[in-house]
2 protein chains.
Amino acid sequence: MMQACGVIVEYNPFHNGHKYHLEKARSLSKASCMIAVMSGNFLQRGEPAIIDKYHRAKLATEQGCDIVIELPYYYAVQHSELFAMGAIKILKELGVHSLCFGSESGEIDAFHQTIDAIEKNQFIYQESLKNAIKKGNSYPKSHQIALNRIFTSDTSIDIGQPNNMLGLQYIKQIHNLNANIKPLTIKRAQSNYHDETISLPFASATSIRRSLLHTDNHFLQEIQDSMPKMTSKTLEMYKKQYGCFHTWEAYFKLLQYNVLTSNESVLRTIHGVNEGIEHRIIRTAKDATSFQTWMQLLKTKRYTWTSLQRIFTHILTKTTKEEVQQKLLETPPIRILSMTGVGRQYLNDHKKGTNQLFTSNKNPFPDKELDERISSAYYSIIDSNMMIHAKKQAYLPPYMA
Amino acid sequence: MMQACGVIVEYNPFHNGHKYHLEKARSLSKASCMIAVMSGNFLQRGEPAIIDKYHRAKLATEQGCDIVIELPYYYAVQHSELFAMGAIKILKELGVHSLCFGSESGEIDAFHQTIDAIEKNQFIYQESLKNAIKKGNSYPKSHQIALNRIFTSDTSIDIGQPNNMLGLQYIKQIHNLNANIKPLTIKRAQSNYHDETISLPFASATSIRRSLLHTDNHFLQEIQDSMPKMTSKTLEMYKKQYGCFHTWEAYFKLLQYNVLTSNESVLRTIHGVNEGIEHRIIRTAKDATSFQTWMQLLKTKRYTWTSLQRIFTHILTKTTKEEVQQKLLETPPIRILSMTGVGRQYLNDHKKGTNQLFTSNKNPFPDKELDERISSAYYSIIDSNMMIHAKKQAYLPPYMA
């Protein structure tokens, strides 16, 4: 039987670094089927993806993935622990033998050592973590503080680096879920996550997006050189057809309207809105003149930029605490966004023992209503005629590469 | 002591017909103080006013009113009975001696006869009304049917005419509230309410708005000739400063987003959403490509265009049944939007026995929160910098002409 290797991705958009990662993962794992679990229209860092999930999934199967599964919204737009939990649950269900993630470290042993140390010092770690959060530190910062308590030397990995942190969570979830998945890691070839300059041929997705949004109708050569030709073609076509890329600024007026016409008790029902942040959100909304200025007005030590963006995503999509809690209790549905012939073969071979696979929004897809609502929010910034067109994608069979 | 005459208005925008009405009302009533009760940013027919209430109130005091009081949202955006009730409550509180309304009939005796007949045939009238509504007729149509049951000859006024219907409700409310107010009426000099062509010098507000919205940056001579110079100047200035007039089409995307991300149980809490219309609203939202097409998709025999527009207004402003029911139990606050020296003198003379007057949104104005929310919805279509500027008007003292 074919063996599969999993990757956990966002592809916003798919670039040379992603291609490199896929190729390395395939050779390292010796798998013949590559399965990507990919965030949908909103991403882990609480942002709209610049183009929708259907277009991103199509690119992924054209560029080396054999199956693209959607990581459901209620796992995708979450801090790294839940994000990892959702992805590993899906990969376990699909029977992958390995998981290959990019990391700043690149040393899988360093991850294992860190996990072992945390597990051996569980009590100290958890106490330090709780204390750090109590003192008003953000979630990632508190993890770093707790880790420093149990590591005296620098043998630990730097979980201040976002991909190291995610990798650690993946391995932790593999343990927690008793998944028979071998973790592998590759040192990221592209420039740093937060880099804003483009360094060829591996520019970061952040720098690519920045460059994309600041040029009007043609793409700079340096963007084109840092991604497959098909990505730049798709981006160009998407913007031409739908009239825009999806950025927070494009949603600003909608979001501001939504907050200014909601009372505090409604905001408090929204996932992520805790500890009185609703007062601050409403107060700052009155003076905000752009998404950027709003975020600046809102920021505190406790809330990272990312966690605030996640809150805004849930406000935009009107996702409540109650709904998320309910969904997290259920088995995540496996929704295929795109696949290749190899992918189809793999799924046929592994049908037995796997929960139902969903190929479109048609009944009885359990996340149908949620998916429609999230899509409505996501496509709300495009012309209504094109919105109808874009939403029809949810009812088509998955793209076959 | 000075005597006052009341008028109940929307001034959307103030035109020659309104000026004529004010002058006639002043001479007919022999009052030295003219008090207008005016809808705020949203109107009785369920539409945004093309310019905001502060600009409209200012125009009104420059053109013949001595005091402009805001009719609260929860009375203004209602069918004619509640609209009339709110306005008469306020005029009674302010101690006006007369009320002068424009009507298609122009004969006050015809109104009195109609009221008398209804009161004498209360039972038949109410039964016919209920039956007609049950059969799926709209509210105005049902009133006409009930009236036809008790009038065999044509001595009754035609309440199919919108201003006759409103006049009838004013007089009914004067009776119900035991208000010592003498009703007067003037035959409307302007063209019919629904006329779409401009007939000088009295064009209807509808035809003026239509013409305004279809010209770009200059006003046609025929519009200018049908309104005081100050109105056209104000309109021009408003559009220049805020970038737009307020029309339903400008709110379409916001409204569609709002509906498509709300579930049915949330929509059902909204004032006016009854009898399962929420299903129809959500279903049609998916195919709507403009406000106009949405309304066409939504229309049924039961729901008039006006009643559907009122529902959309409450959805846009997120006004719930519960909130409206609560507010209607309270005494409507008297909020002064603008006045003249004569108006101020009148209010000084009549202070005793009058409830507190409110001059701005500052505490303890009881409708402060509601007013901020409605304003947020109203100004949501203008640039955020100008929105901040526009909202500050709520905290300034009333305009003094």
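Kindly indicate which of B:271, B:246 is modelled with pLDDT of 95 or more and out of contact with any Phe, Trp or Tyr (no Cβ under 7 Å at 6 or more places or on another chain).
B:271
Can residue A:264 be described as out of contact with any helix residue (DSSP H, G or I) (no Cβ under 8 Å at 6 or more places or on another chain) and surrounded by fewer than 15 Cβ atoms within 10 Å (Cβ to Cβ)?
no
Could you tell me which of the residues B:277, B:315 is in contact (Cβ under 8 Å) with a residue 24 or more places away in the chain, under 24 Å from residue A:270 (Cβ atoms) and open to solvent by less than 10 Å² (accessible area, probe 1.4 Å)?
Step by step, each of B:277, B:315 is checked, and only B:315 is in contact (Cβ under 8 Å) with a residue 24 or more places away in the chain, under 24 Å from residue A:270 (Cβ atoms) and open to solvent by less than 10 Å² (accessible area, probe 1.4 Å).
Here are A:344, A:280, A:268: which of them is of a type in the set (Lys, Arg), in contact with a Ser or Thr (Cβ under 9 Å, 6 or more places away or on another chain) and on the phi < 0 side of the Ramachandran plot?
Residue meeting the stated conditions: A:280.
Answer yes or no as to whether residue A:1 is surrounded by fewer than 21 Cβ atoms within 10 Å (Cβ to Cβ) and in a loop (DSSP other than H, G, I, E, B).
yes
Only one of these conditions is not met by residue A:382: (1) in contact (Cβ under 8 Å) with a residue 60 or more places away in the chain; (2) not in a loop (DSSP other than H, G, I, E, B). Which number is it?
Just one mismatch for residue A:382, condition (2).
Test of understanding: among A:179, A:203, which residue is at pLDDT 90 or above and surrounded by 14 or more Cβ atoms within 10 Å (Cβ to Cβ)?
A:179
Is there a residue being among the hydroxyl-bearing types (Ser, Thr, Tyr) and either free of Cβ contacts under 8 Å to residues at least 60 places away in the same chain or over 24 Å from residue B:359 (Cα atoms) (or both) anywhere in the range B:57-67?
No, because not a single residue in the range B:57-67 is among the hydroxyl-bearing types (Ser, Thr, Tyr) and either free of Cβ contacts under 8 Å to residues at least 60 places away in the same chain or over 24 Å from residue B:359 (Cα atoms) (or both).
Which is surrounded by 14 or more Cβ atoms within 10 Å (Cβ to Cβ), hydrophobic (A, V, I, L, M, F, W, C) and either out of contact with any helix residue (DSSP H, G or I) (no Cβ under 9 Å at 6 or more places or on another chain) or more than 14 Å from chain A (Cβ to nearest Cβ) (or both), of B:401, B:377?
The match here is B:401.
Just the residues that are open to solvent by less than 40 Å² (accessible area, probe 1.4 Å) and of a type in the set (A, V, I, L, M, F, W, C), please, taken from the range B:318-370.
Across the range B:318-370, the qualifying residues are B:324, B:334, B:336, B:337, B:339, B:347, B:358, B:365, B:370.
The values are calculated or read from the model by the stated rules, or taken from the named source; none is laboratory data. A quick note: this is a predicted structure, and the numbers were derived from the prediction, not measured. Glycine gets a Cβ as well: all are built from the backbone with ideal geometry, and neighbour counts include every protein chain shown. SASA here: full protein model, heavy atoms, side chains in, ligands and nucleic acids out. Shrake-Rupley method; radii C 1.70, N 1.55, O 1.52, S 1.80 Å.
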